[in-house]
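Taken together, the values in this text are just the output of simple stated rules run on the coordinates, not laboratory data. Because the structure is a prediction, the values reported are computed rather than measured. Positions of Cβ are backbone-derived with ideal geometry, glycine not excepted, and every protein chain shown enters the neighbour counts.
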Amino acid sequence: MPRFEPLRLGVNIDHVATIRNARGGAHPDPLRAAELAVAAGADGITAHLREDRRHIRDADIDRLKAELTVPLNFEMAATREMVAIALRHRPHAACIVPERREERTTEGGLDAAGQIANLRPIVDELGAAGIRVSLFIAPDPRQIEAATELGAPVVELHTGTYCEAHESGADAFAAETHRLVEAARHGAAAGLEIHAGHGLSYDTVGPVAAIAAVRELNIGHFLIGEAVFVGLEASIRRMRVAMDEARGFGQNRIDPIHQTVR
Ligand code: PXP
């Protein structure tokens, strides 16, 4: 029987900045959203400073780092510019993500296995500065092995394909859930801390939250979208309940292997 450690929720506030930037000005303020998220049960705040600054800007990172009372997870591309910014701010964690200018969102995981030589100095430099490095990878054994080889302490498993499979029927969803379960076990057995995220919603969070090896989920777009209807605190509180219930701290517990409620 796997042991269930508490599951942390990192709330990604990028899309508060997307809305702000649609009109210029300062409203809605991502820092205010971050503070509300913490009040609603977020254990950490995640923000992605993209090369094109399409949502989060440098000044947002300055303010988040100065004001937040919870860990900041700084999402960044593997570039010298972003390494310099991370070293200046020393966030609790840095999650290295693939980034292409033309993409709408982070499509797919980092090819850690194909970029060992490029990633090694970055992982080493951030780690030496006391920043907890995470690699955002597909739930793929090759990528887990590359993360281990690089000495990254954490991997975040990309749940985008898993969430898309939810729309494609039960068999596809079961297959993608199985991939995540296997990758989480494999990574944890190799000594990695396992996080997961991308595209998660109330409908898809349960089976991922029920994987004992998963220690943190990072969720953004759905929560900010849902906040339009119910408010940010309510949208996050409901996610927290869904996570805790799946984890076995609520009424139901989802079987982490067979993904059934028992
Ligand atoms: N984790 C990582 C590494 C991401 O890049 C993103 C999206 O920026 C998320 C989690 C959150 O994804 P979503 O906004 O779809 O919940």
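Only one residue of Ala147, Ile131, Ser168 has its Cα farthest out toward the positive end of the dipole of segment 107-179, where Lys and Arg carry +1 and Asp and Glu -1 on Cβ, and that residue is Ile131.
Residues Phe173, Phe4, Phe229, Phe74, arranged from fewest to most other Cβ atoms within 10 angstrom of their Cβ, appear as Phe229, Phe4, Phe173, Phe74. Here each label is just a point 7 Å from Cα along the line to Cβ, and for Thr105 and His221 those points are 0.2 nm apart.
The slack between Lys65 and Arg238, meaning 0.36 nm per residue of separation minus the straight C-alpha distance, is 59.6 nm. Taking a point 7 Å from the Cα of Glu167 along the Cα-to-Cβ direction, the residues of segment 216-249 with backbone N closer than 18 Å to it are 220-226. When Ile137, Ile61 are sorted by how many other C-beta atoms sit within 10 angstrom of their C-beta, beginning with the fewest, the order is Ile61, Ile137. The loop-placed GluC sites (Glu not before Pro) in segment 147-192, going by DSSP, that have at most 16 neighbouring Cβ atoms within 10 Å of their Cβ come out as Glu167.
Need one word for the chain: rounded, prolate or oblate. Basis is the Cα gyration tensor (sqrt eigenvalues a ≥ b ≥ c); a/c below 1.5 gives rounded, then a/b vs b/c decides. Since a/c reaches 1.5 but b/c is at least a/b, the shape of the chain is classed as oblate. Calculated FRET efficiency, Arg54 and Phe4, Cβ-Cβ r, R0 41 Å, to nearest 0.05? That pair, Arg54 with Phe4, gives E of 0.65.
Site pair Thr79 and Ala22 shows an inter-label distance of 2.6 nm when each label is modelled 7 Å from Cα along Cα→Cβ. Between the beta carbons of Asn118 and Asp29, assuming R0 = 35 Å, the FRET efficiency works out to 0.50 to the nearest 0.05.
Could you calculate the FRET efficiency of Ala174 with Tyr202 from 1/(1 + (r/R0)^6), where r is the beta carbon distance between them and R0 is 25 Å, rounded to 0.05? Calculated value: 0.85.
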